[in-house]
Structure formats: C-alpha cells, structure tokens
Amino acid sequence: MVHARQRRGNLAAQHGLPTRWRTRDEAAPHHSLGPRGLRRLEATVAATEGVREEEDHRRSPQPARSVAQGAYLMAAVDQIIVLRHARAGRKLADRSKDFKRGLDRTGREDALRLPRIIEAHLRPEAIVSSPFRRCVQTVEPLAGDLDLLIVEDERFAPGISERSVREAFLEVPAGSVVSTHGEVIGCLFDERVKCAKGAFWVVERRSGKLSPSLYVGTPTRAQRSKS
C-alpha cells in the first residue's frame, strides 16, 4: 500500500498534481486525483513514454554496416559482352531468307577462336542470342566449351525499338554474352560506336546505364594462321 501511494505521488508530482491524498473525512481538493484518474494518468504516461522511445529510436544513428551496404549497392557494377555475329556473306533483302543465312568459312573460323578470346576478358555465366542463324552459330562453340545453353531472344534481332533493346540488355544476367547484329549495337549506343563482325564490346552496367568500356576486335589473318 505504501508503494502504491508513493508511485501515485511520483506520477502526480511529475504532472503538476497534488502529492497528498485526502482521508475519507477530508473534503476533496480542487485538483485531487482519485483511483480512476490515476489509471487515466498512468495510461497517458505510458503512451507518452512509448512515443518518446520511438522518437529516440528514429533519431539514433544507423549502424555503420547499413551505411556501408547502401554505398555498395549504389556503386554496384557488373559486366556483359555485346558480340556482333561473325562474317556470313552479304545481307539478303528477303528477311525470311536472311534469317537462315549462316556463317561463311571465315566466320566459322572466327567463331571457333572466340571462346578463348572471350574468356580472357569475362567468365561467361549465360549466353543469349538473336534467333538469326548467323548469331546463334557465332556462339555455338562458346556454348559447347562451357556447357551452356543458348537462349534465343527476338529483342536482339534487327528492327526492334531502341527502348526494347535497352531494356533487353539491362535484363540479361550479369556475365552474359549477347550475340547480336551491327544495327542493334548502333541502336544501343550510338552509330559512332563501331563493332566489326566477330568483334565485341565489354560493357559495364551501373545504375541502369550501359557503358562500353573495352573493344576487342576480330582476329587478324596472321592470328588465324598461327592458331
């Protein structure tokens, strides 16, 4: 009982109320606090303390680990390879016939040498290609060496909108090799960014942006003769 009275007195003093409780025979003072009022006061104090604790928590600094993680995510960058198909003769006006046009002899030789050259710059995690035959044939030796499937995607074929092309290159997995066409590469970057047949760009992806960072040209005839 003494403890209860002491607790009531402490609460009342904190909120500017009388700390002395009347006896049964005394008239109630103007600012008296009965049992019901005490309960209300206790509930108010508890709620107020809860709000203060929540505000203190919000104001407290975040752990250094969370800040470091946020900085890492902002700076995260990955790479893909954008490869133009190897040589395949002259382009045909009939799209259905051009779709089936395969690599010529030089193109087939370059395709056989591409795995070694590509793996010197990136360890491929996936292989994606325009469904045109010459693009698929260009990465077939690479797929065979790495035991990877070739995923054909029409968004890497000619005639696709610039927006769709950009979205497609942003959606492929990190470490992908994308076999596509010169028109698509020009649409992705700029017509001034050239890429010969059988050559490729190492492209960095950061914060939704694509930046060509390294160009690797087609093997020269001297290199072909040495291999």
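The values are calculated or read from the model by the stated rules, or taken from the named source; none is laboratory data. Keep in mind it's a predicted model, so treat the numbers as computed, not measured. Here the Cβ positions follow ideal geometry from the backbone for every residue, glycine too, while neighbour counts run over all protein chains shown.
Look at region 167-212 and say how many of its residues are of a type in the set (A, V, I, L, M, F, W, C), in contact with a Ser or Thr (Cβ under 6 Å, 6 or more places away or on another chain) and part of a loop (DSSP other than H, G, I, E, B).
Total meeting the criteria: 2.
Which condition does Lys97 not pass, out of (1) surrounded by 13 or more Cβ atoms within 10 Å (Cβ to Cβ); (2) assigned to a helix (DSSP H, G or I); (3) charged (D, E, K, R), if it passes all the others?
It is condition (1) that Lys97 fails.
Can you confirm whether Ser213 is more than 28 Å from Arg101 (Cβ to Cβ) and of a type outside the set (A, V, I, L, M, F, W, C)?
Yes: the conditions hold for Ser213.
Cβ-Cβ below 8 Å, separation at least six or inter-chain, first residue in region 112-131 and within 13 Å of Phe200 (Cβ to Cβ) and outside any strand (DSSP E or B), second among the hydroxyl-bearing types (Ser, Thr, Tyr) and at pLDDT below 95: which pairs?
Arg113/Ser227
Quickly run through region 100-145 and pick out the residues that are surrounded by fewer than 17 Cβ atoms within 10 Å (Cβ to Cβ), under 21 Å from Glu171 (Cβ atoms) and touching a Ser or Thr at 6+ places or on another chain (Cβ under 9 Å).
Result: Glu125, single match.
Please go through (1) within 17 Å of Arg155 (Cα to Cα); (2) more than 36 Å from the chain's Cα centre (by Cα); (3) of a type outside the set (Val, Ile, Thr) for Arg84 and return the number of the only condition it doesn't satisfy.
(2)
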